[in-house]
Amino acid sequence: MKKFPSIFSISLILLAIYWVFHTTMPPYSPDANLAKTEFSTDRALAHVAAISTAPHAVGFPAHAKVRQYIMDELQNMGLETTLQEGYTAGDWGNLSKATNILARIKGSDSGKALLLLSHYDSSPHSSLGASDAGSGVATILEGVRAFLATNTTPKNDIIILISDAEELGLNGADLFVNQHPWAKEVGLVLNFEARGSGGPSYMLIETNRGNGRLIEEFTKAAPDYPVANSLVYSIYKMLPNDTDLTVFREDRDIEGLNFAFIDDHYDYHTVRDNYERLDRNTLAHQGAYLMPLLSHFSNADLGTLKSLNDYVYFDVPFFKLVSYPFEWIWPMLAFAGLLFVLLLVQGFRKKTVQLPQLAKGFLPMLLALIINILIGFYSFRFLKWCYPQYQDMLHGFTYNGYTYIAAFVFLTIGVCFWSYHKFKDISIPNLLVAPLFLWLIICTAVAIYLPGASFFIVPVLALLAAFLVTINQKRPTVYLLVFLCLPAIWIYAPFIKMFPVGLGLKMMVASTLLLTLSFLLLLPVFGFYKRKKTLGLLGVLLFFVAMVTAHFNADFDADNPKPSSLLYVLNSDTQTAKWATYDKVLLDWNSQFIDTDKSIPEKLATRTISSKYGSGFSFVSEAAVKDIAAPQVETLRDTVIGDERFIDLCITPKRAVNRLEVFTNDIPIQSATVNSIVLSDYYLKHRKRGKLVTHYISNNEYTDLQLSIPKDSTLGLTLYEASNDLLQNTQFTIPKRPENSIPTPFVLNDAILVTKTLKFD
């Protein structure tokens with residue numbers, strides 16, 4: 001129709017999509033000469049550059065250097081800096097000696113303190129830690145410097161905690177929360193984290209109760225670029241990791257706000273997490289959170305943040321953070337349901353809605369949903385079949401992952417337009433009934449099972465308004481209908497991208513499903529288009545263009561290197577050795593050591609040291625035996641008292657090592673203490689695959705293991721002692737890893753692994 005030009009409306013919709021992504025972060029521009037009282041991204045970047053020159057995991061040489069740099073910077077600000085050191089094992093049985101860095105700004109009152117938190121250790125063994133969490137440390141250092149430059153005295157004390165051993169099991173946070181006297185004074189924690197190297201920083205609430213007061217105070221602080229919604233925390237909990245802030249919530253019931261970014265997930269925990277790849281806009285976004293929140297919460301009453309009330313909240317352009325109490329969920333849903341019934345009645349009376357056409361309107365919706373769900377579900381399986389090397393990107397997000405997201409977005413839209421072209425004879429009012437019915441069911445389910453996502457009702461209310469318009473107007477104006485589509489665009493567009501980025505391409509089905517549901521909310525505009533078939537074909541064409549583009553970027557090169565792994569495994573009991581790898585597709589670099597045709601199927605390949613994604617060795621081949629010293633095990637005590645047998649062992653490395661992992665046979669472990677740290681009863685009952693403890697070793701220290709077992713039990717122990725020096729050890733001639741490869745993250749890599757078994761009859 002003449003008054004509804006499709007090109008114009010599509011342009012408006014594309015502009016709205018662009019705007020929602022464009023306005024999520026502050027634009028970066030060189031700002032090294034900003035006033036000393038302002039947060040400067042360039043000055044923060046200088047800290048990132050200094051922190052991320054080398055891997056600095058616990059026990060690594062650069063670890064102490066990074067710690068000293070941070071201490072020097074805090075002291076240069078005039079702050080007294082202290083260290084807290086001690087062993088902890090956290091909730092995961094990961095033992096390490098953490099060394100926390102602490103400083104404090106004294107406030108004028110004696111209320112609860114505000115704590116600024118990030119961690120300075122990088123992930124073992126190759127990550128440079130520029131984003132995770134050098135960016136968080138740099139944000140705090142620059143933010144505190146700018147705050148101190150104002151020469152204002154805050155009402156609340158401000159504690160700066162740069163924690164250690166976060167990557168190993170939140171050990172530094174555990175050490176502070178459970179052993180430092182300052183912990184009991186903390187009223188709120190602001191934690192800065194990363195799970196990629198770019199993109200907007202999401203605000204994630206950590207609380208054991210309601211979020212009402214936290215949202216109210218966060219809104220009062222008025223950060224310029226809030227990216228947050230009450231569904232994100234649920235998604236965050238789906239991710240295979242926690243942050244330091246989790247310990248504060250679980251162990252001491254302290255409220256907190258996480259700020260974390262997840263884009264460019266392929267850099268996470270790799271050597272590519274470097275200064276050059278950290279998104280400058282992202283770092284500016286972290287600063288845009290810290291400064292207003294630091295100003296606000298350093299003077300707010302932090303003793304009143306606990307609440308029994310929950311808020312639904314979400315961010316949209318112009319309005320920033322929108323929130324309302326959970327008490328509104330059911331009234332809003334009831335209002336939407338009542339309005340739907342009334343509009344249906346009105347439509348029947350005006351004869352703009354007819355039962356046969358209404359029923360027929362369910363067909364294109366169901367057709368589009370079924371096809372797109374199947375496409376999304378099988379998409380990554382299909383990609384891994386076409387490109388087996390993708391299996392070696394354990395987090396499931398490929399370097400060309402954004403292109404794949406675009407490809408399946410185009411295909412999903414193409415399927416939607418094609419489906420509605422097949423039923424083009426249905427009038428717009430009749431076409432809208434099925435989406436409204438489906439979305440009201442979804443909102444009802446959300447209200448019951450996931451109330452944090454109840455802002456889903458907002459686009460539905462807009463669709464109801466569009467339904468009202470189309471019932472009463474045959475030729476509605478494009479401006480009004482596009483305006484009524486804005487809630488759907490602005491709320492759902494970020495999710496369509498976020499699901500496969502944060503959770504891996506295996507979650508593409510979430511994007512195709514949500515995009516299809518969003519398409520239904522845009523039917524008041526799309527339904528009027530005369531050339532739906534053409535648009536459907538265009539979507540399919542763009543899908544193939546994107547897939548071809550992704551294909552030409554599917555190979556690994558120096559800019560997009562392939563993760564690869566190689567280990568030398570020596571069985572000290574049998575004096576046999578093997579080469580092992582986690583790779584599903586080998587490179588020439590490691591295939592010279594691994595014969596995939598003669599790979600040895602044995603327990604070592606399926607039950608080995610723990611890794612984040614539960615990865616086991618994929619190929620194992622025979623290797624020459626080298627002179628690698630096994631750990632020395634000394635039995636200090638083995639006695640029976642009553643019904644219990646007590647065994648005390650001291651395990652001492654005889655070479656420079658980084659990690660010791662201890663497994664037991666399948667018997668009850670009644671109690672276990674490692675280096676004076678008691679492993680919890682809950683952990684001992686729920687440990688997996690027989691793992692007892694992982695000791696991330698500093699300074700080649702021993703492991704003291706005290707166990708209590710039933711007196712009639714036979715204890716079997718398997719020790720896995722690892723050093724990350726395979727490529728440097730003079731007994732081996734390992735070629736340098738090629739430029740198109742990086743060490744595989746999340747697993748033991750480039751390592752010499754010595755196994756030893758013990759039996760106590």
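The values are calculated or read from the model by the stated rules, or taken from the named source; none is laboratory data. Bear in mind the structure is a predicted one, so any value in this text is a computation, not a measurement. Every residue, glycine as well, gets a Cβ built from its backbone with ideal geometry; the counts of neighbours run over all protein chains shown.
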It is to be established whether one or more residues within the stretch 342-358 are closer than 27 Å to VAL415 by Cα and free of Cβ contacts under 8 Å to residues at least 12 places away in the same chain. yes
Only one of (1) part of a loop (DSSP other than H, G, I, E, B); (2) surrounded by fewer than 18 Cβ atoms within 10 Å (Cβ to Cβ); (3) polar (S, T, N, Q) is not met by ASN749, so which one is it? (2)
Of the candidates TYR683, TYR720, the one satisfying the condition of being crowded, with 18+ Cβ neighbours inside 10 Å, assigned to a helix (DSSP H, G or I) and touching an Asp or Glu at 6+ places or on another chain (Cβ under 9 Å) is TYR683
I'm checking my understanding of the structure. Among residues of the stretch 438-450 that are part of a helix (DSSP H, G or I) and touching a residue at least 60 places away in the same chain (Cβ under 8 Å), which one is farthest from PRO364 (Cα to Cα)? ALA447
May I ask you to verify whether MET71 is closer than 30 Å to SER723 by Cβ and in contact with a strand residue (DSSP E or B) (Cβ under 6 Å, 6 or more places away or on another chain)? yes
Show the residue pairs that are 6+ apart or on different chains and have beta-carbon atoms under 7 Å apart, the first residue being within the stretch 8-32 and farther than 25 Å from ALA228 by Cα, the second being of a type in the set (Gly, Ala, Ser) and assigned to a loop (DSSP other than H, G, I, E, B). ASP31/SER40; ALA32/SER40
Residue check: is PRO487 under 27 Å from the mean Cα position of the chain (by Cα) and at pLDDT below 95? no
Do we have ILE262 as β-branched (Val, Ile, Thr), assigned to a strand (DSSP E or B) and more than 20 Å from THR304 (Cα to Cα) here? yes
So LYS691 fits all but one of (1) at pLDDT 95 or above; (2) touching a strand residue (DSSP E or B) at 6+ places or on another chain (Cβ under 6 Å); (3) surrounded by 13 or more Cβ atoms within 10 Å (Cβ to Cβ); what number is the exception? (1)
Report yes if some residue within the stretch 364-374 is in a helix (DSSP H, G or I) and touching a Phe, Trp or Tyr at 6+ places or on another chain (Cβ under 6 Å); otherwise report no. yes
Considering only the stretch 390-406, state which residues are of a type in the set (Gly, Ala, Ser) and surrounded by 23 or more Cβ atoms within 10 Å (Cβ to Cβ). GLY401
Residues (surrounded by 24 or more Cβ atoms within 10 Å (Cβ to Cβ), farther than 13 Å from GLY136 by Cβ and of a type in the set (A, V, I, L, M)) located in the stretch 157-172: ALA165, LEU168, LEU170
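To keep it simple, each residue is scored yes or no on (1) hydroxyl-bearing (Ser, Thr, Tyr); (2) at pLDDT 95 or above.
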| site | (1), (2) |
| --- | --- |
| SER11 | yes, no |
| ILE17 | no, yes |
| ALA32 | no, no |
| PHE39 | no, yes |
| ALA44 | no, yes |
| VAL48 | no, yes |
| ILE51 | no, yes |
| ALA54 | no, yes |
| GLY59 | no, no |
Is it fair to say ASN274 is assigned by TED's automatic domain parsing to the domain that holds ARG145, within 30 Å of LEU450 (Cβ to Cβ), not in a helix (DSSP H, G or I) and not aliphatic (A, V, I, L, M)? no
Would you be able to say whether some residue in the stretch 263-273 is of a type in the set (Lys, Arg), under 30 Å from LYS36 (Cβ atoms) and either under 19 Å from the mean Cα position of the chain (by Cα) or surrounded by fewer than 20 Cβ atoms within 10 Å (Cβ to Cβ) (or both)? no
Please determine whether any residue of the stretch 204-223 is among the aromatic types (Phe, Trp, Tyr) and within 18 Å of HIS265 (Cα to Cα). no
In this structure, does LEU116 turn out to be in contact with a strand residue (DSSP E or B) (Cβ under 6 Å, 6 or more places away or on another chain) and of a type outside the set (Gly, Ala, Ser)? yes
The stretch 20-50 - residue that is outside any helix (DSSP H, G or I) and among the hydroxyl-bearing types (Ser, Thr, Tyr) and, of those, surrounded by the fewest Cβ atoms within 10 Å (Cβ to Cβ): SER29
In the stretch 436-461, which residues are closer than 21 Å to GLN473 by Cα and under 32 Å from the mean Cα position of the chain (by Cα)? PRO459, VAL460, LEU461
Check the stretch 521-535 and report whether any residue there is farther than 30 Å from SER591 by Cα and among the β-branched types (Val, Ile, Thr). yes
Of the residues ILE651, ILE669, only one is in a loop (DSSP other than H, G, I, E, B) and crowded, with 19+ Cβ neighbours inside 10 Å; which? ILE669
Of a type in the set (A, V, I, L, M), in a helix (DSSP H, G or I) and surrounded by 24 or more Cβ atoms within 10 Å (Cβ to Cβ), is that true of LEU283? yes
Restricted to the stretch 158-195 and to residues being within 12 Å of VAL58 (Cβ to Cβ) and of a type in the set (Gly, Ala, Ser), the residue nearest to the chain's Cα centre (by Cα) is GLY169
Log entry, pairs with first residue in the stretch 415-427 being farther than 18 Å from PRO524 by Cβ, second being of a type in the set (Ser, Thr, Tyr), beta carbons closer than 8 Å, six or more apart or on different chains, reads VAL415/THR516
Of the residues in the stretch 289-329, those that are acidic (Asp, Glu) and either assigned to a helix (DSSP H, G or I) or closer than 30 Å to VAL20 by Cα (or both) come to ASP310, ASP315, GLU327
Quick check: anything in the stretch 399-417 at pLDDT 95 or above and over 30 Å from ASP264 (Cβ atoms)? yes
Of a type in the set (A, V, I, L, M, F, W, C), crowded, with 18+ Cβ neighbours inside 10 Å and not in a helix (DSSP H, G or I), is that true of PHE467? no
Reported set for the stretch 558-576 where residues are closer than 22 Å to SER723 by Cα and surrounded by fewer than 20 Cβ atoms within 10 Å (Cβ to Cβ) is ASN571, SER572, ASP573, THR574, GLN575, THR576
